[in-house]
Amino acid sequence: MGKTITRRFGIMVPQIILLSILVFLLAKQMPGDALTGLLDPSVDPAVIESQREKLGLNNPWHIQYWDWITKAIQGDFGQSFRFKMPVLDLIGERISNTVWLSLATLILTYLIAIPLGITSGRYNDTLSDRLITGYTYLGFAAPLFIFALLMLWLFGFKIGWFPTSGSVTPGLEPGTLAFVISKMYHLLLPATSMALITTVTTVQLLRSEIIDIKHRDFIHTARAKGASESRIYNRHILRNALLPIAAFFGYELTGLIGGTIFIESIFSYPGMGELFFSSILLRDFSVMITIILLYGIASILGALVSDLILGLIDPRIRIK
Amino acid sequence: MIHPPPNDIPLLQNEAFAARSPSSLTILWREIVRDKIALVSLVFIVIVTAFVYITSLVLDQEQIVRVDLFALNKAPSAEHWLGTDYGGRDIFGQLIIGTRNSLTIAFLVTMLTGIIGISIGVISGYFGGMIDNFFMRVVDFFLILPFLMIVIAFIAVVPKYSIYSFTLIMTAFLWMGIARLIRSKALQERELDYIKASRTVGTSHAGIIFKHVLPNLSSIIIVSMTLNLAANIGLESGLSFLGFGFPEDTPSLGTLVSYARNAQTLESRPWIWLPASSLILVLMLSINNVGQALKRAADARQRRG
Amino acid sequence: MLNHRFTKLVLPVMLAVIVVLSACSNKGGSEPSASPTGTTDSSPSPSASAAAPESNDDGLFNVSDFNNIKTNEGEAIAGGTLNYGLVSDTPFAGTLNFNFYSGQPDVEVLGWFDEPLLTWDASYVYTNDGAATYEVSEDGRTFTFTIRDNVNWQDGTPLTAEDWEFAHEVIGHPDYDGPRYDGGMINVQGMAEYHDGKADKISGIEVLSDKQLRITYIESNPSLITGGIWSYPLAKHIFKDIPVKEMSASAAVRQKPVGIGPFKVESIVPGESVVFVKNPDYWRGEPKLDKVVLRVVNPSNVVQEIKTGGVDIVGSFPVDQFPDNAGLSNVEWLGAVDRAYTYIGFKLGTWDAAANKVKPNPDAKMSDVNLRKAMWMAVDNDAVGKQFYNGLRWNATTLIPPSHPEYHDASNPGITYDPEAAKKLLDDAGYKLNGDFRTKPDGSELTITFISMTGSEIAEPLSRYYVQAWKEIGLNVQLEMIEFNAFYNRVGDTGEDDPSVDVYQAAWGVGIDVDPAGLYGREAIYNFSRYASDENDRLLAEGLSEKAFDKEYRLKVYKEWQELMVQEVPVFPTLYRAKVVPVNNRVHNYYIGDGTDMYVYNIAVNADKAIAAK
């Protein structure tokens, strides 16, 4: 296992370097730069030009890249031009929001998926199975952003049960109970909206696993031995069916990335997705590059976690 | 909704049935005919597709995107069946052309990713060794890219992008799922005796790939491309919603839906966004129904009779 | 209140991002921000009719029907909390210091806890009502400022002349990373030498005593006293040990900012909200409110927030959502003319980087003034304003907008909509119809490339409307919608103009001083049309001359200049704009626009809770 991990990290390094070059080139190809937005006739163009010079924006790309990567290795991802603060500090401010949002979504996803998947798999071809399957079909077809928009409008504005923007009520002291509760309250609607849609893949997966395992020999054996039906489900089937679900945990994390971008944008929730958008619009390249890299690393780690869990569960699957 | 580009999850799901998968396309067809819902869905898809492509030949496109200052945000009427948008443009016409554009892009992306994915998958699965190793490293690299972000960054780079550049950008980052799927199947295929046999009789690699390997994989290819089609429609509308999809003067389902971002439109002018949203929902539902039926057909254990 | 001159950050909600015209006179950040001071003879009086402005029969509105001062209802209570919505689809950047910020959202935060030392009247001329007073020397170049005795930083430290000097030293420092080192700064004597490291001190700035400062400027002209002075001090006792290049990222700017304004920052959730409490030692007097809670509100949710009373007031309101909400029962709508205009420009040359000036090209495709005039005549901006904006944007006539009522020449009608006359003009000028479209006088094909910015949802239909209108008179115009950065790149913000662009649509936010040289002068890189003429040079120079200290003379010069622009049409203005904002009925003493003679510390409420719409 230790060897595998080392090898995986060995592959990771060139991947990340390649990714960083790709993103860097992309950034350089975009029309305009961080100073384009600062059109101001009262500022002498020569001053702007000297700022460009100072920021190294006029150097050839490989020199800029070299400057950047050598610093990045030492943990200095540069300065956000717009926010005028180190990129890492800026991301630090935002990332916790996104992490909390993802976590809440993940928990809700499983809270919804497990009972529905079990019911549907255990009693397949009954009415409740059909209802649940119907829901998964609908959830699969419904665009997340439309659903989220309607949720915001209905529960945020029409009924007014939930706050409609931000991540916390202004003025609360961080660390206090009220602060934590307010954070959770702000998370609830966006996370639920997202979980209701993203959960359907897991429900479907769980259902088909259960149906599959139900017909395996060892279940028949258990039944023949006289084990009670609930014992069979709880001890044998469920345990086996949940394993692949656990294995997809890592991928689930990667999948959340796409979703949070929509959710943050719709619920005005200040997280990484929002930061990414504004960094593209304002050509705040250092921020943009760092975010993409970070997400790249996250998806590598997600895949690694999944593979490791899978390897633990099923020794036949060797990860290369 | 935006599902992650179909990669590992469907792959592993498919793993279970792959070994036993029948090769005949007739089984797929039979399964669809048996499954009434899937049949209805298929008929619906065909009708919608035929309708929008034929109608849009007749419609005067320039007239539809024409701005009419004196007909802004009009409710549905005899003149404008589904009302008009904030530019006084007819929603019904835009819906037709938009559906056509969205379908075109989804088809194009599905076909292109299919061709690239299948080629790479078959080649690396069939030949194995160094070739396989190389392609799989490439696939691994593409898989770690955060799809939405990279696509958005690319779209920001292309100064004047069109349906075609949009298609190419999407394709560039969506071919890996199918490549991996096909590769793993091809890997299993090549170990089968008859392949080895025909190799010893001297059949060329190309001959084996086209005569034996691909036909055996056809049902899997069809299933995964059908599901990809639905996913691609969702992706297009999602990107348009975020403002990084179709160019503004090209109507699409996504751009029509994105009008709903304006709270005023969302609340009091449903005719602008509701038809497109419902159409996306129904289309994706139908394509998925067909896809699921095909999937069942490909999996002997779940076939209905 | 909370007026901002710096609307220059990309605000994708607007048609054509407004970029500030501050012209070399307004000196960057001399921000008419939080507390506009006023003269008593100021603009619209709070009239008796408190009700929301009525639209006329066609559902149209007119900015002159709006008050810019809230009508007070009932009795104000002591204390209370005001909820302020900062309307933005991005979080605020959090550079909370006038000396460093660069985005509009940050200004709205700044306006509550800090203010400039100098204030100005309705015509934007500095007054002696602010935290500091000034005297000018005979030659108009030397200013002596006196800070009032009771002006203190919110941490209790007295504000000194050294703080003011320190602000200049930091902005002029080579490591300074903000956008304030501009024409105004360089106009301070000795600033350039200091900036280049040739001097340790700025020779033109002299600290006379704790409370007295003297600044000498290189050049004196009428725009020096309308925004040409940097009047935002920097707390030396806090910043003196921080290296200049780390200042903008420091906690003193981002987490615990200290100002001199009526409210103090109590807590900040980065990017999303700020809680202010009153500063009882505020120099004008104790503020009436106990607390102000500011939070970012997305433009697509702003109506709901206002309806439910979630916010009492907002910094700005998307004008396209106004007509549907004009009748809201829980708010009064305030309105004022915005300091901005949208325009269409014609490319008439290129930028000569070596000589640092525009290089007109007499052979440019758009060089025929008749063609340009015809294109102006062909578009019905009156209809555009009425249909797209319900009258809250309206046909523009000259390049000095009515936000400067004295300088805007209301008697100049510009060029009016008349497609028939446009056709005739083109016929006479030799642009003959050949099929659907006209050819050039020499018979060759004429295809015009028109670029416009994406951003608001109106942007595309609006631009398309212009293309249609030009097609009506037989011009083949090809539209390209491009995003903000790419747009300015092609128009030539770095001096490298894209030769394929012939016509472009953009907008300028104008500064408090009218001098248009920064946008239309021969040496202005932002003169994107690359137009230049001797008459233009002469008028722009006259407007800043010694003689122009005489207001009547200056008025006359700019009137002539406006007429010149109508005759030459290097660009033509399309729309003027109004800003409208809703104010909850419980709020007292709120105002927008300049010269109202009202101050932030007087804002109050008459109930504990905001009123919700019925």
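The values are calculated or read from the model by the stated rules, or taken from the named source; none is laboratory data. Given the structure is predicted, the values throughout are model-derived calculations rather than measurements. Note that each Cβ is placed from the backbone with ideal geometry, even for glycine, and that neighbours are counted across all protein chains shown.
Kindly evaluate A:Ile263 against the criterion of being over 21 Å from A:Leu144 (Cα atoms) and not in a loop (DSSP other than H, G, I, E, B). Taking the combined requirement at face value, the residue does not satisfy it. Exactly one residue among C:Ala613, C:Ala604, C:Ala548 is touching a Pro at 6+ places or on another chain (Cβ under 6 Å), surrounded by fewer than 24 Cβ atoms within 10 Å (Cβ to Cβ) and not basic (Lys, Arg), and that residue is C:Ala548. Regarding the range C:518-537, can at least one residue be identified that is basic (Lys, Arg), farther than 30 Å from C:Phe388 by Cβ and more than 23 Å from the chain's Cα centre (by Cα)? There is no residue in the range C:518-537 that is basic (Lys, Arg), farther than 30 Å from C:Phe388 by Cβ and more than 23 Å from the chain's Cα centre (by Cα). Do you know which of the residues in the range C:387-403 that are of a type in the set (Ser, Thr, Tyr) and in a loop (DSSP other than H, G, I, E, B) is modelled with the lowest pLDDT? It comes out as C:Ser403.
Every condition in (1) within 12 Å of another protein chain (Cβ to nearest Cβ); (2) at pLDDT below 95 holds for C:Tyr341 except the one numbered (1). Taking the range C:409-495 as the region of interest, the helices (runs of 4 or more DSSP H) fully inside it that hold 3 or more residues being within 9 Å of another protein chain (Cβ to nearest Cβ) are C:459-472, C:484-491. Scanning the range C:251-270 for residues that are crowded, with 19+ Cβ neighbours inside 10 Å and not in a strand (DSSP E or B) yields C:Val253, C:Arg254, C:Pro257, C:Val258, C:Gly259, C:Ile260, C:Gly261, C:Pro262, C:Pro270.
Among residues of the range B:275-297 that are at the interface with chain A (Cβ under 9 Å from one of its Cβ atoms), those with a beta-carbon under 6 Å from a residue that is in a helix (DSSP H, G or I) and polar (S, T, N, Q) at least six positions away or on a different chain give the pairs B:Ile280/B:Ser237; B:Ser286/B:Ser41; B:Asn289/B:Ser41.
Residue-wise test of (1) in contact (Cβ under 8 Å) with a residue 40 or more places away in the chain; (2) at positive phi; (3) within 11 Å of another protein chain (Cβ to nearest Cβ).
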{"site": "C:Pro179", "(1), (2), (3)": "yes, no, yes"}
{"site": "C:Glu193", "(1), (2), (3)": "no, no, no"}
{"site": "C:Gly197", "(1), (2), (3)": "no, yes, no"}
{"site": "C:Gly204", "(1), (2), (3)": "no, no, no"}
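Just one of the listed residues (B:Ser258, B:Ser277, B:Ser252, B:Ser240) is surrounded by 22 or more Cβ atoms within 10 Å (Cβ to Cβ), among the polar types (S, T, N, Q) and modelled with pLDDT of 90 or more, namely B:Ser277. Could you tell me whether C:Glu535 is touching a helix residue (DSSP H, G or I) at 6+ places or on another chain (Cβ under 8 Å), in the same structural domain as C:Thr494 (by TED's automatic domain parsing) and surrounded by fewer than 20 Cβ atoms within 10 Å (Cβ to Cβ)? For C:Glu535, the condition - touching a helix residue (DSSP H, G or I) at 6+ places or on another chain (Cβ under 8 Å), in the same structural domain as C:Thr494 (by TED's automatic domain parsing) and surrounded by fewer than 20 Cβ atoms within 10 Å (Cβ to Cβ) - is met. Taking only the range B:86-100 into account, find how many residues are modelled with pLDDT of 85 or more and either touching a Leu at 6+ places or on another chain (Cβ under 8 Å) or β-branched (Val, Ile, Thr) (or both). Selection size over the range B:86-100: 10. Could you list all residues from the range A:288-310 that are among the β-branched types (Val, Ile, Thr) and either surrounded by fewer than 22 Cβ atoms within 10 Å (Cβ to Cβ) or outside any helix (DSSP H, G or I) (or both)? Listed by number, the residues that qualify are A:Ile297, A:Val305, A:Ile309. Could you go through the range A:223-231 and let me know if any residue there is part of a helix (DSSP H, G or I) and buried (at least 16 other Cβ atoms within 10 Å of the Cβ). Taking every residue of the range A:223-231 in turn, none turns out to be part of a helix (DSSP H, G or I) and buried (at least 16 other Cβ atoms within 10 Å of the Cβ).
Among the residues of this structure, C:Asp163 counts as one that is within 30 Å of A:Leu90 (Cα to Cα) and modelled with pLDDT of 95 or more. The residues of the range C:271-322 that are of a type in the set (S, T, N, Q), assigned to a loop (DSSP other than H, G, I, E, B) and more than 12 Å from chain A (Cβ to nearest Cβ), listed by number, are C:Asn279, C:Ser316.
In this structure, C:Glu406 qualifies as more than 14 Å from every other protein chain (Cβ to nearest Cβ), part of a loop (DSSP other than H, G, I, E, B) and surrounded by fewer than 21 Cβ atoms within 10 Å (Cβ to Cβ).
Looking across the range B:66-125, the residues that are assigned to a helix (DSSP H, G or I), small (Gly, Ala, Ser) and away from chain C (no Cβ under 14 Å) come down to B:Gly93, B:Gly98, B:Ser102, B:Ala106, B:Gly114, B:Gly117, B:Ser119, B:Gly121, B:Ser124, B:Gly125.
Screening the candidates C:Gly474, C:Gly495, C:Gly511 for the property of being in contact with a Leu (Cβ under 9 Å, 6 or more places away or on another chain), modelled with pLDDT under 85 and either farther than 24 Å from B:Ile155 by Cα or not assigned by TED's automatic domain parsing to the domain that holds C:Asn390 (or both) yields one hit, C:Gly511. A:Asp67 - would you say it is more than 23 Å from the chain's Cα centre (by Cα) and in a helix (DSSP H, G or I)? The answer is yes for A:Asp67.
Do you know which of the residues in the range A:259-282 that are among the polar types (S, T, N, Q), out of contact with any strand residue (DSSP E or B) (no Cβ under 9 Å at 6 or more places or on another chain) and modelled with pLDDT under 85 is surrounded by the fewest Cβ atoms within 10 Å (Cβ to Cβ)?
A:Ser278
Condition (residue is within 13 Å of chain A (Cβ to nearest Cβ), assigned to a loop (DSSP other than H, G, I, E, B) and surrounded by 22 or more Cβ atoms within 10 Å (Cβ to Cβ)) applied to the range C:502-511: is it met by at least one residue? Yes; the residues of the range C:502-511 include at least one that is within 13 Å of chain A (Cβ to nearest Cβ), assigned to a loop (DSSP other than H, G, I, E, B) and surrounded by 22 or more Cβ atoms within 10 Å (Cβ to Cβ).
Confirm whether C:Ala364 is of a type in the set (Gly, Ala, Ser) and either within 14 Å of chain B (Cβ to nearest Cβ) or part of a helix (DSSP H, G or I) (or both). In short, no. For the range B:169-179, residues that are part of a helix (DSSP H, G or I) and in contact (Cβ under 8 Å) with a residue 40 or more places away in the chain total 6. Within the range B:244-262, which residues are out of contact with any Leu (no Cβ under 6 Å at 6 or more places or on another chain) and farther than 23 Å from C:Gln478 by Cβ? Within the range B:244-262, B:Phe244, B:Leu253, B:Gly254, B:Leu256, B:Val257, B:Ser258, B:Tyr259, B:Arg261, B:Asn262 meet the criteria.
Scoring B:Ala153 on the criteria (1) away from chain C (no Cβ under 14 Å); (2) buried (at least 18 other Cβ atoms within 10 Å of the Cβ); (3) at negative phi leaves a single failure, condition (1). Can we say A:Leu172 is of a type in the set (A, V, I, L, M, F, W, C), within 14 Å of chain C (Cβ to nearest Cβ), in contact with a helix residue (DSSP H, G or I) (Cβ under 7 Å, 6 or more places away or on another chain) and not in a helix (DSSP H, G or I)? Yes. Is the range A:230-249 home to any residue that is of a type outside the set (A, V, I, L, M, F, W, C) and either under 30 Å from B:Gly234 (Cβ atoms) or not assigned by TED's automatic domain parsing to the domain that holds A:Thr133 (or both)? There is at least one residue in the range A:230-249 that is of a type outside the set (A, V, I, L, M, F, W, C) and either under 30 Å from B:Gly234 (Cβ atoms) or not assigned by TED's automatic domain parsing to the domain that holds A:Thr133 (or both).
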